[in-house]
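Values in this text are rule-based calculations from the coordinates and carry no lab data. Remember, predicted model here, so these are calculated numbers, not experimental data. Because the Cβ atoms are built from the backbone with ideal geometry, glycine has one as well, and the counts that use them run over all protein chains shown.
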């Protein structure tokens, strides 16, 4: 019996109730699988149950007595990644139906097709592409689309197609957004990352991308409205600056939060130094959010996210 | 059908293999329970599987069709915390036996009987007792035993029995350790906390307390051997100081690590200021370790600990 | 020549310009002092210059040639802490006048007379009083005044006078505030700490206490208005919670910020757990703010604070 | 009178004593300068006094009465960056001589000539070169020298000369080190960064580069000796991993510490994940150390460093 290192990730949610874990684990056993990782959460807010499992082909010692749950020993067929996945989907079907589950089965490590939108800031784009190349971020990037030329050389260095499409008026903005939707379809995009893309998306685009577009913005205690928030933060003498990565919704900068972080500053920081430090946090927070999304670790629970780290 | 807020915590470990989660969740369903929380981990190092579950009595809507797994609807008996636990132990028995599990079933929130050993430092004792009283630490403390009088008034303020037993020579040390063992038996102690108790325990006592004694000590990068480590840290110009909470073993300061933390310092800190800052970290790190132990979140995996936070 | 360990702390601010440091250091040399610590900051926002110095009596080796700047060698009088301070004030006078300085000279380590206001929460009061007793906070507390009885036993344990004065209507509120002002005068109070005192101060009291009252409150990214912010934070799925210590002004919760900190949370935290974790941060942040104030490390620069840590 | 934004940074150390600040500030006033930033520290360990000042040309309002300390008003010559620096050096000379100071005067923001040594790891080299290009790191890099080809394309992308020189035996190692010394002389190198250069330097090279070579290595609590420390850290179940940047000395990995940081991990991290997370910390810690060195913020005090951040 072979056992390569392929794993599958199953994420699911449904109305909470008894017997769910038993039913799911039963489907895994029936398919000849083994649970490599598992996390779950029952939301008291929405009454829903969430689960993320990593599943591998069970390693049955040769010559061992069958535990009666491995279909291989019944059919005599060797388990391969291909027939395992089919078998698993088959054994899952009655369970997901019975509990009316939202669910998704994916291979662990499969690169997620990601469209990056950029403007003039380089820090987020550079961080994402560097880590993708270093094998630290399971994404593939068929396109970086930008309303400025600034990040072209970074994209090209990392071997990623770059497209420049200026946005200076309403017409160009509509054309840019149309190009986004076209690219999403063309490349079968699963994730759109607003890597400091500095245009406000139209409500229509926000809706079209709901649940698959991630934005990053600065965050402060207290929050600041209006232009030049780092200057406001400086004037207010904040001792912390931070960043928030969140899903894009029509409610500007208020979508479900995926990740946040802060760092200490003091009175001696100029607005310019705050911006620079803020960029470090933005790049790090966005990278974590993208990574967790790509690893199927981010599940939506109403306006909140469940993060199975 | 009643459903109070009582929960049980089940922790277990066994040799990893397929079907474990299915078998455990089956026992829970059979007893009429529901999984409120669940965490698991398969250790690649030791080949063992670890699990922590919080289980509550399943809330079956009145008049709903039975899902066929709730013994209440079969027997017609109302489920109470008392009969649920008995029923659960019954349904668990064949599973724990079949997989040769180490396991433990406890009620969530039950205060753990804790013996505190102290010397002259007050910060850890004060922190533990303050939080116990504030309802933030599920421990009860039948005794604070110390080789100095220093923490007597703190213990008394918090209404905890205090016993002073000086240790100035080998004989007194043996008597102190005998008193520890006696107190452990007398009060059915589950956890011994060395809250800056500054005597080295004998190998015999270490062995007698294995797996249920937690120690706290300072930690530095790099480590320092010998006396007055904060002075050494100052002389070496470290930029971080830290603390480590670990299980007591016969290997001095090298037992399985439960929690660690660090904080930033700079060249301007005097050795005395390092000590003071170090005490804050020690109190915090020890408190977390005690809390996780008391909530059955700490499982041993060889020389490592699994912490299900 | 004697040199005990007494140090003085001089804080000052004035319109920025050349020669200030030279003039101040000249006054120190003239008085026979030595600079033990010094920090300065020129605010680009307000054009003001800020400085904090710790000064000690200069240790002139016996028999050494005078450097011509130590008045001891001129007068032949032994320097004592008493005559040094008088001499220092004398040499400072023309400098502070010439530059129209706001300034203050204090002895390092002198306990600051502090009035604590409390309600039902114990965490901040307990933390402050524990650290005062442990010698980690240079304050003395002539009174804890509270609109609830809750912290009475803590105050009494730490040997601090406690006074209960209920506030259930407008009249009682006015009486409470009158008592605050009376206590400030009676005990020559230098610092008023709102240690989770849950009543809104009247604008009159805010003004009367301007620059010497510190408040602590929770902080979130984004901020939340209205009641039960931890519940809102939970519902919004924040990944960080924090606290801010600030000077009390008539602008509710918006006075100059002294200290802020955050800690990580995740989706699994209940509102109750957020509150508990929030209390840890509140106690820590408030303690730092009080400590820095008591050590003359907090200077106001318009709506910002300069913190000379 | 003109005043551009040029600033100078003066760092100095000498035996501590009264009058130093007064003398230095006098030299600044005499040259027509103004103190923009100042930090100082008196080391109780070595009895030495350390100072870092940023100085700018004083802005005397036109038509204002001279305060009698600005040599411009005396000579009538307009102050320019060129003549200011000469004048400043002149007024400093008697002071630095009188107090037998180690001192250094530099222009703020001048890029420091930096030689980077690399092997196969890309994370540190990429981080340094990205930030240099983004204007966040005041270094220029005339050469990246490596015993592997791995980082060639990164260097070339950032327009930095790259040289490959294999080291597989003692002879090649000597040749590599000779090339280092040659490059140091050829490019007038001020800083050598070992950006995960994985060869042990000979004692001779360590001595030749003393005080101007910075190394980065992982750090753990407790420390681990020998090969594969991340594997050891995993086996020991550490809850924190970290990194230390330090000056290179002949005492392997034990030179004066410049910067350290840690990050949290848990039992679920594989050794491979620990390595990846460790690389993030290494890149960040090394970048900070290089930045502070390039900004003249790092001063040696025996085996310790003073960091004027």
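Structure above, values below:
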{"quantity": "Per-selection metrics, the protein assembly as shown (Cα): Rg and Dmax in Å", "calculated": "33.0, 107"}
{"quantity": "Percent antiparallel among DSSP beta bridges (both partners in the range D:112-307, rounded to 5)", "calculated": "50"}
{"quantity": "Between helix C:81-98 and chain C: long-axis angle, C-alpha atoms, 0 to 90°, nearest 10", "calculated": "90"}
{"quantity": "Length-normalised contact order of the range B:1-55 in % [C-alpha pairs under 8 Å, at least 6 apart]", "calculated": "48"}
{"quantity": "Rough spin-label spacing in nm, given labels placed 7 Å along Cα→Cβ, for residue C:270 and residue A:140", "calculated": "4.6"}
{"quantity": "Cβ-vector label at 7 Å, residue B:175, separations to other copies in nm", "calculated": "5.8, 7.6, 9.4"}
{"quantity": "Residue exposure sequence - D:123, D:217 - by fewest surrounding Cβ within 10 Å", "calculated": "D:217, D:123"}
{"quantity": "Residues A:173, A:231, C:225, B:239, sorted so that the one with the fewest Cβ neighbours within 10 Å comes first", "calculated": "C:225, A:231, A:173, B:239"}
{"quantity": "Per-residue Cβ neighbour rank within 10 angstrom, fewest leading, C:292, D:103", "calculated": "D:103, C:292"}
{"quantity": "Among A:42, A:289, A:170, residue whose mean-square fluctuation peaks in a GNM of chain A (springs only between Cα atoms under 10 Å)", "calculated": "A:170"}
{"quantity": "Residue mean of other protein chain beta carbons inside 10 Å, B:237-247", "calculated": "5"}
{"quantity": "C-alpha long axis of helix B:170-186 to longest principal axis of chain B, angle in °", "calculated": "20"}
{"quantity": "Estimated distance in nm for a label pair at residue A:106 and residue C:120, the labels positioned 7 Å out from Cα along Cα-to-Cβ", "calculated": "4.6"}
{"quantity": "Per the axis that maps chain C onto chain B, nearest residue of C (Cβ criterion) and its distance in Å", "calculated": "C:157, 2"}
{"quantity": "Distances in nm from residue A:133 to the matching label points in the other copies, shortest first (labels 7 Å along Cα to Cβ)", "calculated": "0.8, 6.0, 6.1"}
{"quantity": "Number of partner chain Cβ atoms within 10 Å, mean per residue of C:14-20", "calculated": "6"}
{"quantity": "The range A:112-307 - percent relative contact order, Cα under 8 Å, separation 6 or more", "calculated": "20"}
{"quantity": "Between 0 and 90°, nearest 10: helix D:20-30 axis offset from chain D longest Cα axis", "calculated": "60"}
{"quantity": "Residue with peak Gaussian network fluctuation, chain A [Cα springs, cutoff 10 Å], from A:22, A:288, A:218", "calculated": "A:22"}
{"quantity": "Overall dimensions of chain C as given by Cα atoms, namely Rg and Dmax in Å", "calculated": "22.5, 73"}
{"quantity": "Simple spin-label estimate for residue A:250 and residue C:188 in nanometres, 7 Å along Cα-Cβ", "calculated": "6.6"}
{"quantity": "Shortest-first distances to equivalent copies, position residue A:164, nm, label 7 Å out along Cβ", "calculated": "3.3, 7.5, 8.2"}
{"quantity": "Calculated [θ] (222 nm, deg cm²/dmol) that DSSP helices of n ≥ 4 give over chain C, each run adding -39,500 (n - 2.57)", "calculated": "-10500 deg cm²/dmol"}
